[in-house]
1. Please state which of the following conditions residue 125 fails to meet, knowing it meets all the rest: (1) among the acidic types (Asp, Glu); (2) at pLDDT 95 or above; (3) surrounded by fewer than 18 Cβ atoms within 10 Å (Cβ to Cβ).
2. Surrounded by 19 or more Cβ atoms within 10 Å (Cβ to Cβ), of a type in the set (Gly, Ala, Ser), farther than 23 Å from residue 37 by Cβ and not assigned by TED's automatic domain parsing to the domain that holds residue 207 - does that describe any residue in region 148-155?
3. If we keep just the residues of region 7-50 that are more than 16 Å from residue 171 (Cβ to Cβ), without any contact (Cβ under 8 Å) to a residue 60 or more places away in the chain and not acidic (Asp, Glu), which is surrounded by the most Cβ atoms within 10 Å (Cβ to Cβ)?
4. What pairs come out if I take residues in region 81-98 that are within 20 Å of residue 141 (Cβ to Cβ) and pair them with residues that are among the acidic types (Asp, Glu) whose C-beta lies under 7 Å away, six or more apart or interchain?
5. Quick test of your reading of the structure: residue 101 fulfils all but one of (1) touching a helix residue (DSSP H, G or I) at 6+ places or on another chain (Cβ under 7 Å); (2) buried (at least 20 other Cβ atoms within 10 Å of the Cβ). Name the failing condition by number.
6. Out of curiosity, is residue 262 within 20 Å of the chain's Cα centre (by Cα) and more than 19 Å from residue 9 (Cα to Cα)?
7. Just checking, which of 78, 66 is among the hydrophobic types (A, V, I, L, M, F, W, C), assigned by TED's automatic domain parsing to the domain that holds residue 133 and either closer than 13 Å to residue 144 by Cα or surrounded by fewer than 16 Cβ atoms within 10 Å (Cβ to Cβ) (or both)?
8. With respect to the numbered conditions (1) outside the structural domain of residue 224 (by TED's automatic domain parsing); (2) surrounded by fewer than 16 Cβ atoms within 10 Å (Cβ to Cβ); (3) closer than 24 Å to residue 118 by Cβ, which one is the sole condition not fulfilled by residue 83?
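The values are calculated or read from the model by the stated rules, or taken from the named source; none is laboratory data. Note that the coordinates shown come from a computational prediction; the quantities given were computed from them, not determined experimentally. Cβ atoms come from the backbone with ideal geometry, glycine included; neighbour counts cover every protein chain shown.
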Amino acid sequence: MADRLNGYRILILETREEAQFSRLLTEQGADVLQCPMFAIHDAPDPAPIEAWIRRFIERPFDDLVLLTGEGLRRLMKLARRLGIDQDFVTALAKARKFARGPKPGKALREIGLEPQQTTERPTSEGVAEMLSHLDLKGHRLGLQLYPDKDHAALIGAIKAVGAEVDTVLPYVYDAKAADANIITAIEEMAAGRVDAIALTSSGQPRRLFDVAQARGCEARLREGLKRTPIASVGPVVSDELRAHGLSPDIVPANESYFMKPLISAMAAELAKNPPRVAANNK
């Protein structure tokens with residue numbers, strides 16, 4: 001990338017790809033401030049997930065909808081522990097596979113498979129719209145869910161077109177332990193010690209506000225976000241920001257909703273002004 005982030009302090013919130021994002025930013029010279037927001041754990045009761053995998057193997061579904069790459073990786077982790085991972089991959093290959101955005105597709109490619117179709121917008125509404133154009137009447141459809149989201153509307157939309165839906169939720173979030181990290185991040189922004197905050201999932205701004213409201217510091221958070229440029233990876237994150245009365249300052253060009261285009265956009269925008277804080281953090 002022609003533009004670099006030398007000397008700029010960038011706040012990133014913990015994601016499933018935090019290490020990669022941090023590395024890419026550091027390679028461009030950024031001083032990365034990481035804020036772990038939650039931990040991801042296997043579902044506490046593996047029995048329903050194991051039963052779902054075995055149903056898939058014994059009688060492969062006609063269709064599979066993957067909402068997250070993390071979900072497929074957790075399913076594969078359990079299948080390996082059970083010694084049935086190859087049988088599971090064979091069954092997955094027989095199903096028509098749909099991905100909510102690029103991340104599930106990446107997880108599929110890790111096991112040698114490809115999605116037959118990927119949503120244009122990585123949202124549940126985008127999944128429902130994609131499936132509405134298909135003949136699913138009488139189909140058995142596996143649906144991999146993710147935590148902290150009400151999926152009733154999506155499940156209802158799939159059932160409405162005649163499919164039998166079999167859901168699985170392979171992991172959970174543990175957020176409480178990270179509250180102190182979030183408060184620290186809020187204070188760093190409010191004190192003007194962050195050049196930009198980079199948001200890569202809609203759950204990140206939502207979590208910021210949930211913790212700020214619970215701790216009585218929402219005004220402080222808004223003060224920090226007002227003085228800190230907000231970089232949004234794409235429309236889902238931007239919509240969540242608008243739900244809180246905010247708008248992104250930086251977005252990737254040409255609807256390229258990935259980390260590298262986001263970093264390029266940040267480098268181009270931040271280069272218009274010198275780093276505000278890096279010199280004070282050496």
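1. That leaves (2) as the condition not met.
2. No, because not a single residue in region 148-155 is surrounded by 19 or more Cβ atoms within 10 Å (Cβ to Cβ), of a type in the set (Gly, Ala, Ser), farther than 23 Å from residue 37 by Cβ and not assigned by TED's automatic domain parsing to the domain that holds residue 207.
3. Looking at residues that are more than 16 Å from residue 171 (Cβ to Cβ), without any contact (Cβ under 8 Å) to a residue 60 or more places away in the chain and not acidic (Asp, Glu), I get 30.
4. Cβ pairs passing all conditions: 95/62; 95/63; 96/62; 96/63; 98/63.
5. Only one criterion is unmet by residue 101, namely (1).
6. no
7. Just one listed residue meets the conditions, 66.
8. Unmet condition: (3).
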